[in-house]
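Participant: Encoded as structure tokens, here's the structure I'll be asking about.
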Amino acid sequence: MDICKINEILKKHKIWLTSNGKNGCQIELDADLSYSKIVGADLRCASLDDSNLTNAKLSYTNLKGAELGFCNLEWAELCYTNLESVNLSFSNLKNADLRYANLSHANLYRAVLQSANLRGADLRYADLSETDLRDVDLS
């Protein structure tokens, strides 16, 4: 997906958020966004299930309440990202950089976090049932 299309989608989502759903439209994608740079965006409540976000740069982004189930986020940069109450069930976050991310109340059921960097991340009340935590940095 090219940057112009991504910017148009983000613009419509921002209108949707600020109008409480009356105008614009909620992001609903299952797209290939690998290597995308979407830093500092407001993606609250976005529906990105089944998307490919491999190597995507999403640091400082607000994804509170977003749907990211079955996503590929391998090697994604998610530093300081708000992932509160996000659904990441069955997602691949292998080698992802989640330093200081807010994952409180996140659903990580059966997610793969192998070798991910979770240094300083907030995992309070996160569902880590059957999550692959091999070699994760939890310092």
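Participant: Find the residue count for region 103-115, including only residues that are over 14 Å from the mean Cα position of the chain (by Cα) and either under 21 Å from ALA66 (Cβ atoms) or part of a strand (DSSP E or B) (or both).
Facilitator: Selection size over region 103-115: 2.
Participant: Here is a follow-up. Which residue out of SER104, SER91, SER115 is on the phi > 0 side of the Ramachandran plot, out of contact with any helix residue (DSSP H, G or I) (no Cβ under 8 Å at 6 or more places or on another chain) and either among the hydroxyl-bearing types (Ser, Thr, Tyr) or without any contact (Cβ under 8 Å) to a residue 24 or more places away in the chain (or both)?
Facilitator: Answer to the selection: SER115.
Participant: Looking only at region 104-137, which residues are within 17 Å of LEU78 (Cα to Cα) and in contact with a Phe, Trp or Tyr (Cβ under 7 Å, 6 or more places away or on another chain)?
Facilitator: Residues satisfying the conditions are SER104, HIS105, ALA111, GLY120, ALA121.
Participant: Of all the residues that make up region 32-84, how many are farther than 15 Å from ALA101 by Cα, in contact with a Cys (Cβ under 9 Å, 6 or more places away or on another chain) and part of a loop (DSSP other than H, G, I, E, B)?
Facilitator: Summing the residues that are farther than 15 Å from ALA101 by Cα, in contact with a Cys (Cβ under 9 Å, 6 or more places away or on another chain) and part of a loop (DSSP other than H, G, I, E, B) in region 32-84 gives 5.
Participant: Would you confirm, using the coordinates I've provided, whether LEU48 is surrounded by 13 or more Cβ atoms within 10 Å (Cβ to Cβ), hydrophobic (A, V, I, L, M, F, W, C) and either at pLDDT 95 or above or under 19 Å from SER89 (Cα atoms) (or both)?
Facilitator: Against the criterion (surrounded by 13 or more Cβ atoms within 10 Å (Cβ to Cβ), hydrophobic (A, V, I, L, M, F, W, C) and either at pLDDT 95 or above or under 19 Å from SER89 (Cα atoms) (or both)), LEU48 qualifies.
The values are calculated or read from the model by the stated rules, or taken from the named source; none is laboratory data. In this text, all values refer to a predicted model and were calculated from it rather than measured experimentally. Note that each Cβ is placed from the backbone with ideal geometry, even for glycine, and that neighbours are counted across all protein chains shown.
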